Each structure stands twice: as C-alpha cells, then as structure tokens.
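Take a look at the structure set out below.
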Amino acid sequence: MALLEAKHLSHAFDYPLFNDLSFTLDGGQSMAIVGVSGCGKSTLLHICSTLLAPKKGEVYFEEIPLYGAKSRNALHVRREQFGIIFQSHYLFKGFTAKENIQLSALLAQTPLDEALCERLGIGKVLHQKIGELSGGQQQRVSIARVLSKKPRVIFADEPTGNLDQGTAKEVMDVLFEYIKTHDAALMLVTHDLALAKQCDRVFGLEDLMLVER
C-alpha cells in the first residue's frame with residue numbers, strides 16, 4: 001500500500017499548469033520535483049499536502065481520499081500525519097525557538113528532541129526570540145518544529161534555500177535519516193538539481209506532465 005498516491009491530478013489558474021498527473025510515494029522513500037519557475041511545482045505540493053484542492057483528480061493517504069465527497073479527511077490528515085516545510089517559515093515571532101518547537105511536540109505528545117536541535121545546529125539559540133535569529137536559523141527551527149510532529153509524509157518547498165551548502169547538507173541528511181527510521185516519505189520541490197538527485201526518485205514538471213528522470 002502506497003503511503004501517498006496522486007491520481008489524475010489537473011490544475012490551472014489563468015493558464016494550465018499540469019494535466020492528468022499520477023504517482024505513488026511509499027514509506028521510506030523520497031521524491032524530488034524540479035522544473036522552471038512557474039511550472040506548477042509548488043502548486044502540486046500544495047495539492048498533495050491538502051492546502052489546495054485540484055481542479056480534477058484525487059490524492060490518497062494510506063488509501064484515504066483527501067478531496068471529493070470525503071474532504072473532511074483532509075484537515076485531520078494534515079494535522080496528524082503531514083509535515084510541511086515552507087520557503088517562508090511561519091514561525092511565531094514573539095516566541096522563542098524552543099517554544100515554537102514545543103508547540104508542535106505537544107500536539108504530537110512527544111518530548112522536545114534536544115538531540116535533533118543539536119544536529120540542526122540550533123541547540124544554542126533555543127532560548128532566543130525568533131526575531132533575533134538569522135533566516136537560516138529560522139529555517140532550521142521550522143524544520144525541527146515539523147519533525148517534532150513525527151509526520152508520516154514531509155512536504156518540503158525549497159527547504160535549504162536560506163542555508164549555506166554545508167548546513168544544507170546537514171539538514172537534508174537529517175530529513176533523509178528521519179524518513180528511513182520512521183518509514184515516512186518526503187516530497188521535495190527544489191531548483192537545485194544536485195539536491196534533487198539525492199532523492200530516490202526525481203521528476204521534472206514540463207509540458208504539463210510529470211516526467212521521471
């Protein structure tokens with residue numbers, strides 16, 4: 001049974017983005033989607049993560065449909081099973097880094113993973129307000145917050161965009177290790193082809209189609 005499955009997805013705004021896309025993503029597996037700006041990569045990620053309904057088609061999590069007649073499943077699955085890493089961090093600015101992470105850990109009823117924070121290089125800034133942190137530090141706090149939920153599927157939109165090359169590698173190593181040890185899955189959107197090639201599968205979104213490379 002696939003962890004995540006997309007069937008016949010189509011979407012358009014003022015112009016068509018993609019048409020009749022289908023794929024599966026299994027536990028322990030990572031996939032990357034690459035393509036030119038505006039081709040629909042982030043839109044596809046938003047649809048698969050329940051943030052945007054497709055014009056046509058369906059997304060399934062463990063065979064549970066997330067749209068259509070049973071769309072009430074979408075919010076529950078997003079809260080309980082999905083973790084989303086955005087280009088913008090969406091952290092609570094008045095809170096400390098630790099408080100931001102703890103909110104997610106409390107929802108998952110898990111303790112704060114201090115070892116994870118150390119691996120992400122934020123152990124020494126946990127007591128600082130979010131507004132005092134650099135963009136790269138905020139991104140790592142955001143990733144720690146997502147992983148604290150213990151999600152089954154991680155959706156990551158340019159997760160290393162604010163990080164230097166060395167830190168980006170460390171962060172991706174943490175994400176890849178997480179999905180292997182938790183039988184989770186990663187759907188990654190990136191402009192970085194070298195980063196994409198670290199995933200188990202790489203797809204290009206081009207000419208309205210998803211083409212495996």
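The values are calculated or read from the model by the stated rules, or taken from the named source; none is laboratory data. All of these numbers come straight from a predicted model, not from anything done at the bench. Neighbour counts are summed over all protein chains in view; Cβ atoms, including those assigned to glycine, are modelled from backbone coordinates with ideal geometry.
For residue 58, which of the numbered conditions (1) out of contact with any Lys or Arg (no Cβ under 8 Å at 6 or more places or on another chain); (2) not in a helix (DSSP H, G or I) fails to hold? Of the numbered conditions (1) out of contact with any Lys or Arg (no Cβ under 8 Å at 6 or more places or on another chain); (2) not in a helix (DSSP H, G or I), the odd one out for residue 58 is (1). The residues listed here are 147, 175; of these, the one that is out of contact with any Gly (no Cβ under 8 Å at 6 or more places or on another chain) and touching a residue at least 24 places away in the same chain (Cβ under 8 Å) is 175.
Could you count how many residues in the stretch 19-39 are more than 24 Å from residue 184 (Cα to Cα) and either among the basic types (Lys, Arg) or under 20 Å from the mean Cα position of the chain (by Cα) (or both)?
Qualifying residue count, the stretch 19-39: 5.
If you go through the stretch 93-125 and pick out every residue that is within 23 Å of residue 163 (Cβ to Cβ), more than 19 Å from the chain's Cα centre (by Cα) and in a loop (DSSP other than H, G, I, E, B), you end up with 6. Only residues that are of a type in the set (A, V, I, L, M), farther than 14 Å from residue 155 by Cβ and touching a Phe, Trp or Tyr at 6+ places or on another chain (Cβ under 9 Å) were counted in the stretch 57-106, giving 1. Against the conditions (1) surrounded by 19 or more Cβ atoms within 10 Å (Cβ to Cβ); (2) of a type in the set (Gly, Ala, Ser); (3) without any contact (Cβ under 8 Å) to a residue 40 or more places away in the chain, residue 115 satisfies every one except (1).
Criterion first (touching a residue at least 60 places away in the same chain (Cβ under 8 Å) and of a type outside the set (Lys, Arg)) does residue 59 satisfy it?
Details: touching a residue at least 60 places away in the same chain (Cβ under 8 Å): no; of a type outside the set (Lys, Arg): yes.
No; evaluated as a whole, the condition is false for this residue.
For the stretch 96-106, taking the residues that are at pLDDT 90 or above and out of contact with any strand residue (DSSP E or B) (no Cβ under 7 Å at 6 or more places or on another chain), the one that is surrounded by the fewest Cβ atoms within 10 Å (Cβ to Cβ) is identified as 99.
All of (1) within 24 Å of residue 160 (Cβ to Cβ); (2) buried (at least 20 other Cβ atoms within 10 Å of the Cβ) hold for residue 86 with one exception: (2).
Listed here are the residues, each with its yes/no results for (1) assigned to a loop (DSSP other than H, G, I, E, B); (2) touching a helix residue (DSSP H, G or I) at 6+ places or on another chain (Cβ under 6 Å).
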site	(1), (2)
141	no, yes
179	no, no
194	no, no
199	yes, no
204	no, no
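Scanning the stretch 152-161 for residues that are at pLDDT 95 or above and outside any strand (DSSP E or B) returns a single hit, 152.
Restricting 107, 44 to residues that are in contact with a helix residue (DSSP H, G or I) (Cβ under 8 Å, 6 or more places away or on another chain) and either touching a residue at least 60 places away in the same chain (Cβ under 8 Å) or under 19 Å from residue 145 (Cα atoms) (or both) narrows the list to 107.
Conditions tested, residue by residue: (1) at pLDDT below 90; (2) out of contact with any Pro (no Cβ under 8 Å at 6 or more places or on another chain); (3) closer than 21 Å to residue 2 by Cβ; (4) not hydrophobic (A, V, I, L, M, F, W, C).
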| residue | (1), (2), (3), (4) |
| --- | --- |
| 150 | no, yes, yes, yes |
| 163 | yes, yes, no, no |
| 182 | no, yes, yes, yes |
| 195 | no, yes, no, no |
| 205 | no, yes, yes, no |
| 209 | no, yes, yes, no |
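Here 190, 167, 160 are screened, and the one residue that is in contact with a Ser or Thr (Cβ under 9 Å, 6 or more places away or on another chain) and without any contact (Cβ under 8 Å) to a residue 40 or more places away in the chain is 160.
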